[in-house]
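Encoded as structure tokens, the structure appears first; notes follow it.
The values are calculated or read from the model by the stated rules, or taken from the named source; none is laboratory data. Every value quoted in this text rests on a predicted model; they were computed, and no experiment measured them. Glycine also receives a Cβ, built like all others from the backbone with ideal geometry; neighbour counts cover every protein chain displayed. Surface accessibility is based on the protein's heavy atoms, side chains included, excluding ligands, DNA and RNA. Shrake-Rupley method; radii C 1.70, N 1.55, O 1.52, S 1.80 Å.
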Amino acid sequence: GVRHEPTNKIVLDLERLYDEVSEELAYVARYARAIQQQRGDYNGRVLSIRADDLRALAIVYDISPSGLIERLTEAGVLVADPRAFFAS
Ligand code: C2E
Ligand code: C2E
Ligand code: C2E
């Protein structure tokens with residue numbers, strides 16, 4: 001089949017993010033809802049976000065951007081490869 005370059009894009013799994021019961025990711029969820037609203041992108045299961053916005057969010061959490069990525073990964077709300085995500 002066709003091989004794709006791995007993406008470094010930050011892609012959120014919205015279902016998992018919005019189902020997240022812990023308060024920890026509440027700001028990320030609120031931010032994602034605001035981005036959906038700004039784009040008019042309401043029907044997606046995933047949302048690609050700007051690297052700039054991740055940096056801003058990391059400041060809110062008082063950690064490095066890579067530290068925030070680690071937390072999001074641990075919480076299982078990041079999609080590593082959206083194409084594989086839809087294939088599964
Ligand atoms: P804007 O930043 O002036 O962008 C205008 C349009 O350019 C966007 O309309 C989108 O079609 C395109 N665009 C800009 N940057 C990118 C990009 O990195 N990738 C892609 N694929 N397209 C891009 P859209 O999506 O309707 O957004 C309207 C406005 O909402 C944007 O105006 C911006 O002010 C805000 N917005 C949307 N998404 C985000 C976001 O993820 N972060 C931030 N900070 N603002 C956003
Ligand atoms: P990709 O970036 O790997 O995204 C794969 C699929 O994930 C997309 O399929 C879409 O269903 C979903 N997806 C990713 N980000 C978002 C998001 O922010 N909102 C929503 N609602 N869905 C998202 P799709 O749309 O068929 O796109 C296939 C491929 O086409 C994308 O792969 C990307 O490589 C390219 N593409 C689509 N739209 C844009 C765009 O606005 N800008 C750029 N640069 N590429 C795009
Ligand atoms: P993408 O569309 O594949 O864009 C990849 C990168 O190209 C963006 O990374 C940004 O650095 C640059 N880029 C693309 N379009 C524009 C533009 O219109 N203006 C400027 N200044 N830069 C642009 P970034 O910002 O980290 O965004 C990552 C992904 O988040 C984008 O991938 C896209 O899927 C999504 N995204 C970001 N901003 C918007 C937006 O305003 N609207 C929509 N619909 N999607 C966005």
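Computed quantities for the displayed model
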item: Per residue value of the accessible surface for the chain (all protein chains in place, 1.4 Å probe), Å²; result: 71
item: Within the chain, helix-based [θ] at 222 nm, where runs of 4 or more DSSP H residues each add -39,500 (n - 2.57), nearest 500; result: -15000 deg cm²/dmol
item: Accessible surface of the range 10-78 [probe 1.4 Å, protein heavy atoms]: carbon and sulfur percent; result: 46
item: Estimated Rh, the chain: Kirkwood, alpha-carbon pairs, angstrom; result: 13.6
item: Sites matching trypsin sites (Lys or Arg not before Pro) across the range 4-75 that sit in DSSP coil, with at most 15 neighbouring C-beta atoms within 10 Å; result: Lys9, Arg45, Arg50
